[in-house]
Structures are given as structure tokens and as C-alpha cells.
1. Determine the per residue accessible area of chain A with all protein chains present and a 1.4 angstrom probe, expressed in square angstrom.
2. At 7 Å along the Cα-to-beta-carbon direction for both A:Glu374 and A:Ala452, put a label point, then send me their distance in nm to one decimal.
3. Quick one: in region A:89-193, what % of C-alpha pairs are over 18 Å apart?
4. Given region A:403-529 reduced to its alpha-carbon atoms as identical point scatterers, what log10 I(q)/I(0) does the Debye formula return at q = 0.11, 0.15 Å⁻¹?
5. How would you order A:198-205, A:464-471, A:52-59 from highest to lowest mean count of nearby Cβ atoms within 10 Å?
6. In nm, to one decimal, how far is the modelled label at A:Ser343 from the one at A:Tyr645, with both set 7 Å along Cα→Cβ?
7. Given a 1.4 Å probe and every protein chain left where it sits, what share in percent of the accessible area of chain A is carbon and sulfur?
8. For chain A, how big is Rg over Rh, using alpha carbon atoms and the Kirkwood form of Rh?
Amino acid sequence: MDYNFIEIEKKWQAYWAENHTFKAAEDASRPKYYVLDMFPYPSGAGLHVGHPLGYIASDIFSRYKRLKGFNVLHPMGYDAFGLPAEQYAIQTGQHPEKTTHENVARYRSQLDRIGFSYDWDREFRTCDPDYYKWTQWAFLKMFASWYDNKEQKARPIEELEKAFSEGGSAAVDAATDNDRAFTAEEWNAMDEKEKAGILMHYRIAYQGESTVNWCPALGTVLANDEVKDGYSERGGHPVFQKKMIQWQLRVSAYAGRLLEGLERLDWTDSLKEMQRNWIGKSQGAEMVFKAFNGDREYDVTIFTTRADTVFGVTFMVLAPESEWVERLTSEGQKAEVEAYLESVKKKTERERIAGKAVTGVFSGSYALNPLTGEKVPVWISEYVLSGYGTGAIMAVPAHDSRDYAFAKKFSLPIVPLIEGADVSEESFDAKEGKMINSGFLNGLDVKEAIPAAIDYVEKHGIGHRKVNYRIRDAIFSRQRYWGEPFPVYYRDGIATPVPEDRLPLTLPEISEYKPTESGEPPLARAKDWTYGGWPLEKSTMPGFAGSSAYYLRYMDPHNDKALVSPEADAYWRSVDLYIGGTEHATGHLIYSRFWNKFLYDLGYVCEDEPFRKLINQGMIQGRSNFVYRIVGTNTFVSVGLKDSYDTTEIHVDINLVRNDRLDIEGFRAWRPEYADAEFILEDGEYVCGWAVEKMSKSMYNVVNPDQICDTYGADTLRLYEMFLGPIEQSKPWDTKGIDGVNRFLKKFWRLFWDREKWLVTD
RNA sequence: GCCCUGAUGGCGGAAUUGGUAGACGCGCUGGACUCAAAAUCCAGUGGCCUUUAAAGCCGUGCGGGUUCGAUUCCCGCUUGGGGCACCA
């Protein structure tokens with residue numbers, strides 16, 4: 001009896017399923033170990049050979065840990081809300097639920113063939129109402145919480161209301177976008193609507209106006225991590241900046257903890273570094289400049305990390321979206337400023353980045369340098385971002401390259417502040433050298449001058465030390481159908497939570513999945529989308545909502561009283577080993593950490609960080625094949641001869657190619673337009689070109705794991721994927737070595753079966 | 001531009017606390033079995049010099065350094081991959 005993988009795998013996979021061999025249950029007598037894969041989005045294309053790489057690694061490690069005596073939790077499920085199913089629904093009218101269901105079934109059967117040791121009793125989909133009930137629940141908790149900067153934790157909103165009624169806005173140090181100060185008396189005199197408006201500026205899940213990434217082609221806003229180079233990550237459509245009122249999560253409140261928590265995690269340096277950059281801590285100072293529009297005086301606050309350069313300020317710049325623009329635009333400059341703001345608005349995000357053209361307009365106002373008393377003009381330019389710092393800067397062209405470019409363009413003065421710095425051709429940005437032209441800072445080194453300048457500013461009441469973070473609050477609304485509905489309705493225009501015991505608020509049926517003609521989200525089509533007679537929120541939650549706490553739900557997936565019971569949480573605690581792609585570095589892995597910290601603050605989970613150790617598996621790339629068609633003909637030339645002709649390179653299905661030799665008859669049968677194709681051969685064969693590219697349907701280079709399982713068996717597939725190289729590394733799929741792995745398994749089999757008899761008794 | 005990573009035979013890659021470089025596999029070469037082929041098994045396989053062997057020399061991207069000893073540590077380059085990018 002030879003190594004018969006078909007029989008062996010069938011027998012044991014059935015045995016595992018029947019006996020729930022890998023079912024995990026809390027067991028205080030054994031140490032726990034939690035191994036998790038990033039759950040997949042079940043796309044219509046099914047699994048290719050690259051997807052299971054991480055799953056295979058984690059499965060091997062799970063089995064190893066079990067044999068070492070650990071109680072292993074190793075679950076799997078599906079990230080099932082999302083854009084592709086919805087786009088498909090818009091095109092075909094088919095309910096996304098149906099598409100999702102079919103795709104999940106396909107994924108499951110493919111996963112089953114590979115023989116994973118998942119505890120399938122814990123499987124769920126994020127689009128199941130029993131699951132998204134807890135996504136909605138977490139949102140309500142965030143809505144009902146504020147962030148206390150002093151205690152560095154989230155607290156119930158009632159405690160904030162109490163503080164306001166006793167001491168007004170000054171009574172708390174909270175993470176907020178509120179800029180209106182009020183006393184206890186003023187607070188207590190406010191009506192309900194006014195109070196609600198104020199509280200909205202403090203809630204962790206809040207509704208607020210901000211500049212968002214608007215994608216007209218998708219009809220929805222996108223989060224920063226969903227936009228790449230000015231195009232939507234899904235679909236590649238252009239993205240515009242637009243001011244809109246949206247639900248947001250106050251992730252920025254957790255910036256310090258998200259940064260500091262990285263220290264204790266067993267993640268790769270590169271991934272931690274990516275998160276550090278995304279969070280972007282910078283230490284500096286805020287300073288107040290007095291600005292004058294005619295005879296009206298305003299205080300304009302700026303942020304700088306180079307307080308030492310304040311003697312070299314020759315102008316100020318406001319972001320076009322800044323609230324100061326309106327106040328500081330003089331009568332005479334009004335028309336010009338408005339024209340400029342209009343031109344900025346029309347640009348796509350892409351144009352704004354790519355052009356990097358220096359643009360701007362004079363506001364007509366002047367400001368006073370608080371240290372020198374010197375009068376400097378106030379300009380408006382898109383190179384200043386409204387979302388960072390205060391949306392206004394002091395410009396020091398001699399020592400900042402962006403200010404330098406601006407000063408050159410608009411002929412503004414450039415005053416060098418560092419000894420020996422030549423600023424005739426470019427700015428001197430380095431933080432080194434001796435200060436000159438800088439009053440009391442003269443002679444100091446830059447590194448001494450920065451704190452000295454801030455000390456001076458603080459002492460004279462001009463400003464104070466300040467830490468700024470680049471990380472923005474997460475835009476949490478999507479103008480789409482296939483996502484979690486917000487459990488919020490509008491009572492007299494006041495956003496009001498649906499009571500917890502009425503969750504889940506299930507997604508209604510609608511007739512069509514596209515936005516309405518008036519531009520409202522698809523949920524506007526739902527009949528009676530109301531609660532207690534009041535209209536419900538029409539946007540839905542983004543993809544990352546459902547994936548932010550799924551690892552907690554696996555601990556206790558059937559609990560209808562809590563996201564996770566305190567007992568299950570206390571036993572499984574957090575994920576010990578998490579395997580998944582690096583593409584989630586600044587999305588899912590930030591949101592999950594935020595979400596977990598929030599639940600930790602409220603006492604729902606016992607660990608502050610969700611993922612102890614994280615490994616990023618590399619991508620398995622595809623090896624594509626090409627044929628070369630002579631332009632204007634239906635004749636194809638072999639790769640070695642193609643340079644003698646003018647040809648177009650065309651992807652050809654790798655299933656029609658063996659060892660780069662084309663199956664000519666197969667090719668003719670592939671597509672009607674190739675039925676009468678002619679070929680120019682080399683040595684009687686058509687040789688294809690090749691390249692290593694992303695494995696994808698459109699490049700016809702997808703290798704399906706089912707084929708490998710048919711030919712060699714799941715164990716050969718698993719062993720071979722591990723054999724391809726280090727797990728973290730990207731590598732092309734190349735079956736050259738697969739026979740060797742298969743041979744190894746056959747030899748291994750023969751250790752136990754010697755042609756006619758077993759060599760083992762048990 | 002800034003940050004993070006990597007570079008080892010014909011190929012994928014081992015060697016992860018500084019101690020025999022090239023494990024394992026692919027490929028290739030030779031042999032056994034067979035009428036023959038496939039499959040299987042055995043042996044060899046970094047380079048140079050040499051008919052062969054012994055012996056020797058050279059070898060971990062490049063140039064220096066530390067050390068009894070460096071793929072491993074330090075400095076400076078070249079180059080592949082990834083991330084960020086008007087963040088004041």
C-alpha cells in the first residue's frame with residue numbers, strides 16, 4: 001500500500017469533525033494558548049494558494065502547543081461586511097447576504113480540505129445579527145463615554161455632566177474638540193439640545209464636522225488608511241477633500257497610550273515603526289500671535305517644534321479650511337481669497353499631493369511677532385493642513401523648506417538664524433548650529449535654544465509646551481448598505497441611542513442598493529426606518545467596525561448576554577500569537593488596539609493590549625506567463641523572437657502553459673478571438689515570457705489550493721508552503737520543489753509501512 | 001526626502017547567545033533496478049589549481065575596523081523590498 005493521501009485525509013478529517021477533536025473549553029487545570037489568524041474577507045474569487053500560508057503556520061503551531069500540554073484556542077470566522085459584495089449587489093440586484101453566504105460556503109469547503117485544526121464550533125460572520133449586536137453595543141458604550149486626560153482613561157458621560165454642573169468646562173481635562181468655555185451656571189441654564197450639542201464634542205463616538213476623504217465614485221467617505229495616493233484602495237477611484245458631518249471615533253485621545261503600549265508588544269520593529277509614524281508624536285509649543293484685520297484684533301494660536309526660530313518669522317500661513325480665514329480676510333482681499341479657496345476645493349487629493357505646486361493668497365491682515373513685536377503678513381495656503389496642530393503656522397523660511405519655497409514664490413523676506421547657514425539656494429532645516437539674529441538666544445546651540453525659547457514663552461504668557469499627534473480621529477460613517485446600522489435615532493434632531501436591550505438593530509430590506517438620487521445613503525430607501533416614530537441614522541459602520549473586537553468574541557461566541565463573559569475573558573485573556581498581513585498595520589491593528597483599550601477602561605476586558613505576539617506572513621506572489629501578439633494581427637511570436645516585431649504583451653492563463661511552453665490548441669480554445677491564431681515558433685515550440693506579480697484573477701496566474709490537494713494531498717501543500725522560505729518573506733509560488741516534498745512524505749510513510757506490513761502496532 | 005528591512009552555491013534557503021559556512025530540498029552528474037521508460041534506491045555536487053586524488057588557496061553585496069576567531073558586532077557605501085510623505 002502506497003502513501004494514499006486521499007484516503008488518509010478523508011478518514012482523519014471526518015474523524016476530527018465527528019469528534020470535535022479541536023473543540024476548546026476553559027480549563028483552569030491547563031495553561032491556555034490563543035492562536036489567531038486574521039480572518040478573511042470572503043471574496044468571490046475563492047482562496048488561492050497564498051491565502052493559507054499564514055493559516056498553515058498558525059495551525060502547525062497550534063498543534064505543537066496542544067502536544068506540549070496547552071489548552072489551545074484556535075478559531076476561524078469571516079469578515080463579511082464590505083464593499084465588494086455591495087458593489088456586486090448594485091450591479092446585479094442580488095442581496096449581498098446571498099453573495100456573502102455563497103462565498104463563505106466556498107471558503108469553508110476550501111479550508112476544510114487543507115485540514116486545519118480550528119474549533120469550528122466558534123465560527124461566526126461579522127454580518128450575523130448575533131455578532132454585530134456587540135459591534136453596535138460597543139458603539140453605544142463609546143457614545144456614552146468621554147476621555148479623561150488626567151486619569152488617562154474613558155469614563156461614563158454622566159460623570160462629565162456632573163462635573164459640568166458643578167464646575168463648568170474648566171472642571172475637567174478632557175479629550176475634546178470643544179472650544180467654548182462655560183461656567184457651571186451657564187451649563188445648568190442650557191436646554192437639553194444645547195447640552196447635547198456640547199456633550200457631542202466630548203463623546204468617544206461622536207458626530208462632528210471634519211474634512212473627510214470623499215469618493216464620489218463609491219458614493220461614500222473613506223478613512224485615511226482606505227486611501228492610497230489620493231485614490232480609494234478598493235476600486236482605485238479619485239478621492240476629494242470635503243467638509244462633512246460624520247460619526248467619528250476619538251482615537252486621537254488614545255494616541256499616547258497607543259504609542260507607549262507598543263513597547264510591551266512582541267511585534268516586528270518595522271510594524272511598530274509604522275504604527276509610531278502613523279501616530280506621529282511631536283513635541284513643541286503652542287504660541288499666540290496677535291493678528292489685526294483693520295482695527296479688529298484676534299489671537300491666532302500656532303504650533304511649532306522650532307520655538308527657537310521665532311526671531312526669523314517673516315509671515316504667517318493659515319490652512320484654507322481654517323476658521324481664521326474668514327476673520328482675517330480683509331475687505332480688499334475678499335474676492336481674491338474666495339477665488340483661491342474655490343480653486344483649492346476643486347482639486348482631488350491626488351492633485352494636491354502630486355502637484356506640490358506652491359500656491360497661496362494674501363489675506364490682507366497682519367500679525368505681530370510676540371517676541372520681536374515685528375509686523376508680518378498673514379497668508380493662506382494649502383500647504384498648511386487644517387487637521388494638524390492649529391491649522392495655522394508661523395513661517396520661518398530660512399529653516400523650513402516648505403516655508404522657503406513659499407517665500408521664494410511670493411518674494412517674502414528670508415532671515416537666517418543659524419551661524420554659517422547659507423540660505424541663498426535652500427533652507428537649512430537641520431537642528432544644529434549656533435543661533436544668531438535671535439536676541440536672548442544668540443550664541444546658544446539649537447538644542448539648547450529650543451527649550452530656552454519655550455521657557456521664555458511660558459514665562460511671558462505667550463504660549464506653552466504642547467505634544468501633538470498626527471493620528472486623526474477615525475471617520476466611522478459610510479454611506480453604504482452592507483454594514484452595521486448605527487443604533488441611533490434623531491429625537492427632535494438630537495442623536496439618541498437605541499436602548500441596549502433593543503439590540504441588534506437589524507439591517508432592513510431595501511429595493512435597490514445604490515444611493516438615492518438626492519445623494520442619501522441606501523438606507524434612505526428602507527420602509528419605516530424609524531425608532532419610536534423618529535428617524536434612524538441612515539449611514540452604516542465601516543469595515544473595520546466588525547473586525548475590531550472579533551478576537552474577544554471567539555472567547556465566548558454564543559453568549560447573548562455579553563460580548564464575552566468575565567470568566568471566559570479572564571481565562572483566554574488576549575491573543576498570544578496573531579498571524580496576518582502587514583497591510584493592516586495602520587488600519588485594523590490600530591483600531592483593534594483602540595477598541596480593546598476602550599473596553600479595558602470600562603472594565604469589560606482584563607488585558608490592555610489585544611495581540612501579544614504578531615507575525616506578518618509574506619505575500620505569495622504569482623508567476624505570470626505572457627504571449628506576444630504582433631500589433632494589428634492575430635499572430636503570436638515566441639518570446640525569443642519578439643524583439644524583431646512590434647508586439648503587445650498579453651497575459652495568458654498559466655493553466656495553458658507548462659515549463660513556459662504554450663499549449664497551442666488549448667490557447668486557441670481559450671477565447672473565441674484566439675480560435676484562428678497563428679504562431680511563430682522557436683524550435684517547434686511556443687515559449688512564453690514570464691514575470692513575478694501579485695497573484696490575481698486578472699493576471700491569470702492564480703493557483704488554487706484545491707488543485708494541489710487533488711494532485712499531491714493537503715499534507716504536501718502544507719509542508720510545501722512552509723518549505724518555500726521564511727514565513728515573513730514574500731516569495732513567488734513556484735512548484736519546482738513540490739515533488740521533493742511529496743517524496744519526503746512518501747519516505748516518511750515507508751517508515752511505518754514496509755511494502756506489505758505495518759512496522760508499528762499502535 | 002525620511003523611516004524600517006533584506007543581500008549566503010546553478011535555484012529556494014540553513015547556520016538567530018561571535019566558534020567546522022552552505023543543513024534540508026530542487027536542479028544537475030554518475031550508478032543500481034528495467035527490454036526500455038517512469039517511479040524508486042545509492043553516490044557525488046561552492047569556486048580555483050590538478051588527468052584524478054591528497055593538499056592548498058579563495059569564498060556569506062562592496063570597502064574598512066574590532067577580535068585568537070565575524071554570515072553574525074561597529075563605521076562608510078552599493079542595491080532589492082516595504083512604509084510614510086507638505087504633520088510646521
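1. In whole numbers, chain A has 46 Å² accessible per residue.
2. Computed distance between label sites A:Glu374 and A:Ala452 equals 1.8 nm.
3. Looking at region A:89-193, the distances longer than 18 Å represent 68 percent of pairs.
4. Log10 I(q)/I(0), no solvent term: -0.66, -0.83.
5. Ranking the peptides A:198-205, A:464-471, A:52-59 by packing returns A:52-59, A:198-205, A:464-471.
6. 5.1 nm
7. 50 percent
8. 1.02
The values are calculated or read from the model by the stated rules, or taken from the named source; none is laboratory data. These numbers come from a predicted model, not from an experiment. Here Cβ is always computed from backbone atoms with ideal geometry, including for glycine, and neighbour counts include all displayed protein chains. When the accessible area is computed, the model is the full protein with side chains, heavy atoms only, and any ligands, DNA or RNA have been set aside. Shrake-Rupley method; radii C 1.70, N 1.55, O 1.52, S 1.80 Å.
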